[in-house]
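Reviewing the structure listed below.
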Amino acid sequence: MFERMLNKQIKPTMKEMADYCGEESECFLKINSWLSKAFSTEQKIVFPYGNKYGWGVGHYKNHKLICNIFAEAGAYTVMLRLSNKQFSFIYDKLNNYSQEVIDNKYPCSDGGWIHYRVVTQEQFEDIQKLLEIKCA
């Protein structure tokens with residue numbers, strides 16, 4: 001479960017990525033659309049970081065990466081970096097799953113990277129809060 005689209009030779013469309021997410025297909029499209037509309041991000045279908053990450057949607061603002069959203073079988077994962085100050089600002093307003101993801105972030109400079117898998121409405125709402133912090 002949660003396998004990614006790993007065939008680098010075949011670039012998927014947004015619809016194909018959404019379909020791959022199964023029951024989360026509508027949510028996958030919703031988060032991508034919301035980011036573009038709310039924060040004027042540019043979307044690019046990308047295969048970044050090597051073979052284990054697979055195909056996803058990169059969101060950029062002024063050529064700066066905001067996040068990557070990777071299509072998975074039955075879900076999708078948002079990968080983003082925040083500073084420790086940004087994490088601290090929002091931490092107490094998030095659910096337990098979100099706090100655990102932050103607690104296990106990959107450290108980087110004064111913050112870290114999180115890989116946030118979305119499979120519930122509550123997780124969708126929390127990833128929106130984290131993305132709002134990122135884009136503020």
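Quick one: what are the phi-derived ³J(HN,Hα) couplings along the range 50-66, Karplus 6.51/-1.76/1.60 with θ = phi - 60°, whole Hz, x for glycine and proline?
Going residue by residue, I get x, 5, 7, 7, x, 6, x, 10, x, 10, 10, 10, 6, 6, 9, 5, 8 Hz, with x marking Gly and Pro.
Could I get the Rg over Rh figure for the range 14-135? Both from C-alpha atoms, Rh via Kirkwood, rounded to two places.
Working: Rg = 13.5 Å, Rh = 14.4 Å.
A ratio of 0.93.
So how do 52-60, 40-48 stack up, highest first, on mean other-Cβ count within 10 Å? Present the calculation step by step, with values, prior to reporting the outcome.
Details: 52-60: 19.8, 40-48: 15.7.
Order by mean packing, descending: 52-60, 40-48.
If packing is taken as the mean number of other Cβ atoms within 10 Å per residue, what is the order of 29-37, 83-91, highest first? Before the final figure, lay out the partial values.
On the way: 29-37: 16.1, 83-91: 14.6.
Taking the mean over residues of other Cβ atoms within 10 Å, the ranking is 29-37, 83-91.
Measure nothing fancy, just the Cα-based angle from helix 25-39's long axis to the longest principal axis of the chain, in degrees from 0 to 90, nearest 10.
60 degrees
Over the range 3-136, what is the mean sequence separation of C-alpha contacts under 8 Å (at least six apart), divided by residue count, expressed as relative contact order in percent? Write down the numbers at each step before the final one.
Details: 216 pairs, mean separation 29.2, N = 134.
It comes to 22 percent, rounded to a whole number.
Efficiency by 1/(1 + (r/R0)^6): what FRET value for ALA73 and ASN104, r their Cβ-Cβ distance, R0 = 30 Å, to the nearest 0.05? Can you show the working numbers first?
On the way: r = 22 Å, r/R0 = 0.75.
Rounded to the nearest 0.05, the efficiency is 0.85.
With a point put 7 Å past each Cα toward its Cβ, work out how far GLU132 is from TYR49 in nm, to one decimal.
2.5 nm
Using per-residue counts of other Cβ atoms within 10 Å, averaged over each peptide, order 15-26, 96-107 from highest down. Write out the running numbers ahead of the final one.
Details: 15-26: 16.6, 96-107: 13.8.
Going by the mean number of other Cβ atoms within 10 Å, highest first, we get 15-26, 96-107.
Of LYS8/LYS93; LYS8/LYS37; LYS61/LYS85; LYS15/LYS52; LYS15/LYS85, which pairs sit farther than 31 Å apart, going by alpha carbon to alpha carbon?
On the way: LYS8/LYS93 38 Å; LYS8/LYS37 28 Å; LYS61/LYS85 21 Å; LYS15/LYS52 21 Å; LYS15/LYS85 36 Å.
Beyond 31 Å between Cα atoms: LYS8/LYS93; LYS15/LYS85.
Laboratory data are not the source of any read-out in this text; all were calculated from the coordinates shown. These numbers come from a predicted model, not from an experiment. Using ideal geometry, Cβ is built from the backbone for each residue, glycine included, and neighbour counts are taken over all protein chains shown.
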